[in-house]
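Input: a single structure, listed below in C-alpha cells.
The values are calculated or read from the model by the stated rules, or taken from the named source; none is laboratory data. In this text the structure is predicted, and so the values were computed from the model without any measurement. Note: ideal-geometry Cβ built from the backbone for every residue, glycine included; neighbour counts use all protein chains shown.
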Amino acid sequence: MPKVLFVAEGEALADALRAEQLEVLEVPDVDQAFMVAGAFRPDAIVLGLSQRTNAGLLSAVMLRLDAVTARTPLICLLDAETEAAAALAVGCALALPRSISGGELAKSVDQLVESRLGGEAPRS
C-alpha cells in the first residue's frame, strides 16, 4: 500500500485516503514533515497550499531541496487563489484542487507512485 505523508491541518482528504486503503501519516506543517519523513519513508507527499499565508509555495521548495524528501513525488492541493502553474514551477508533480474527491486523490497517488516505480503501485 502506498505510504503518503499528508502535510496540511484539518483536511478531510487525509481520512478519505485512509478509506481508500492508503497508509497516511498526517502532520500539520512542513517542519513536522521534515521530522518524520526519514523514518516514515513516504511514497508520496501531499501538501496543502494556500496563498493566504504564502508559506505553501515556500514549503514546496523546501521539500524539493531537502535530501530526504527531494525525490519523493509531491502532490500539491490548491485553494482557489493558488495557481497551478506556480505550484508546478516550484516542483509539485501534480497540482490538484482541494475540492478533489478522496477517490480521485488516491488514484492520482497510485498513478504517480506507479510511474515513479516503473510498475504497479504498492498495495496490500
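The set of residues from the stretch 67-91 being more than 15 Å from the chain's Cα centre (by Cα) and in contact (Cβ under 8 Å) with a residue 24 or more places away in the chain comprises Glu81, Thr82, Ala86.
Per-residue answers, yes or no, for (1) modelled with pLDDT of 90 or more; (2) touching a Cys at 6+ places or on another chain (Cβ under 6 Å); (3) closer than 16 Å to Ala8 by Cβ; (4) loosely packed, with under 15 Cβ neighbours inside 10 Å:
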position	(1), (2), (3), (4)
Ala37	yes, no, yes, no
Ala44	yes, no, yes, no
Gly48	no, no, yes, no
Gly56	no, no, yes, no
Arg64	yes, no, no, no
Ala80	no, no, yes, yes
Gly91	yes, no, no, no
Val109	yes, no, yes, no
Leu117	no, no, no, yes
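Among helices (runs of 4 or more DSSP H) entirely within the stretch 9-124, having at least 1 residues that are charged (D, E, K, R) singles out 12-19, 30-40, 55-65, 102-117. Leu5 falls short on exactly one of the conditions (1) over 14 Å from the mean Cα position of the chain (by Cα); (2) within 15 Å of Cys76 (Cα to Cα), and that condition is (1).
Of everything listed in (1) surrounded by fewer than 16 Cβ atoms within 10 Å (Cβ to Cβ); (2) under 14 Å from Leu5 (Cβ atoms); (3) touching a residue at least 60 places away in the same chain (Cβ under 8 Å), the single unmet condition for Ser101 is (2).
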